1. Order the peptides 360-371, 249-260 from the highest to the lowest mean number of other Cβ atoms within 10 Å of their residues.
2. Of the listed peptides 270-276, 234-240, what is their order by residue-averaged count of other C-beta atoms within 10 Å, with the highest listed first?
3. Could you work out the equivalent-ellipsoid semi-axes for the range 320-380, taking the square root of 5 times each eigenvalue of the Cα gyration tensor, largest first, in whole Å?
4. Among the aspartates and glutamates, which have Cα under 18 Å from the Cα of K69 when same-chain residues fewer than 8 positions away are ignored?
5. In this model, which of K203/K407; K114/K262; K262/K407; K323/K407 are farther than 32 Å apart at the alpha-carbon?
6. Tell me which trypsin sites (Lys or Arg not before Pro) from the range 83-129 have a DSSP coil assignment and no more than 11 other beta carbons within 10 Å of their own.
7. For the range 34-116, what ratio Rg/Rh do Cα atoms give with a Kirkwood hydrodynamic radius?
8. Could you give the accessible area per residue of the chain, probe 1.4 Å, as a whole number in Å²?
Amino acid sequence: MAASPLRGGGLAVAVLLVGALALLQVARCDAAATCVGVAPARRRPEVVSIADFGGVGDGRTLNTWAFRKAVYRIQHQRRRGGTELRVPAGTWLAGSFNLTSHMTLFLARGAVLKATQDARGWPLVEPLPSYGRGRELPGARYASFINGNGLRDVVITGDKGVIDGQGEVWWNMWRQRTLQHTRPNLVEFMHSTGIHISNIVLKNSPFWNIHPVYCDNVVVTNMMILAPHDSPNTDGIDPDSSTNVCIEDSYISTGDDLVAIKSGWDEYGIAYGRPSSGITIRRVRGSSPFSGIAIGSEASGGVRDVLVEDCSIFNSGYGIHIKTNVGRGGYIRNVTVDNVRMSGVRSGVRIAGDVGDHPDGRFSQLAVPTVDAVRIRNVWGVGVQQPGSLEGIRNSPFTRICLSNVKLFGWRNGAAWRCRDVRGAALGVHPSPCAELATSFASAAGSCSY
């Protein structure tokens, strides 16, 4: 009888082969998930320097005109494949300027692009139609430091270069109530697609740091975003009425929400009717006196299909915060939060229907938002002062709110979940969930089987 090929050395080879295939499969499963492919950082065949346009990186010369000249040249020469505008090492002072399609703004190591602190000549732009007015004050708003409107294929990246908004002058105007208009964001894109921002540091924004609004296919990855914890409204990244947004592998420490998903404000957002959807927030860590990951409260155009996973939030107000209010209208639905770690937070999870101000007195009390299909699972927290609150709207309860394997420790004796006007289920939750949530998904009449 012929020897079996699996005997002796053949058997050992087979075992090794099976083992190698198993290890390969594990490696594939362990490979970090990513969504950055929705807007890759394209290499440009042409590279020019801001110094070629008269820019001087001495920290004193105002380079606004140099940046505008460079962008004008890129826009009108239309090189096939686009052009990279390189900012070399140095300190480059500038006022507000626009980008153009098919360009890369590259900040070299040691490059610091600083916004001028002279607010007197800062340009104004129209309010966003989904907000109806400036977010802080009626009427126009100050233009963002770096802008893009109606663009395609834009990259802002670098070798750990810095964009410094020098926001202290704006924060003080806010504190002293001397602002004339809503403060400028640091970076804003409107009506644009294929936006990629990576590998740089943003610091000291006057207002929100990164604000893609009415955009599609946006990537923010490998970023560091910094502002003092007492700096007002310095949100990290605020996707707003935008779709297919990927936020990954970033560290954020600011004076307001690290990430806040928005879609317009009250009657203006309802009328504009553009939701935020397809939002992925992955491997983000950071600290804020307000929220780690937030949805709302300006969500009048609707927010749906959100995935938050593998995030770490520390020394913050709220870990996860979903917020809306009567008058907002719209909806928040199909939200999944998975594998989030918290430490030193005031409240672990808050879902609330009484948060946020109004643009004017014309909002409708009949514009009641819906919150549905929110799954929060595999959350671990230590040093959590209060586990959380799930408080919907009277006569319009939040539905299918499902908590599973949520373990929060460090709260004081007597601390408990606060719940009202909410339906759903809780399984493996510590401390024990409130009575409004069923203690098994099966007994929740299928509400957590979505």
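1. Answer by packing, highest mean first, reads 249-260, 360-371.
2. Most protected by this proxy first, the peptides run 234-240, 270-276.
3. They are 27, 14, 6 Å, listed largest first.
4. Output for K69: E46, D52, E84.
5. Those over the limit are K203/K407.
6. R109, R120
7. A ratio of 0.99.
8. 42 Å²
The values are calculated or read from the model by the stated rules, or taken from the named source; none is laboratory data. On a predicted model such as this, the values are computed, not experimentally measured, just so you know. Neighbour counts run over all protein chains shown; Cβ positions are idealised from the backbone, glycine included. These area figures cover heavy atoms from the full protein model, side chains too; ligands, DNA and RNA do not enter into them. Shrake-Rupley method; radii C 1.70, N 1.55, O 1.52, S 1.80 Å.
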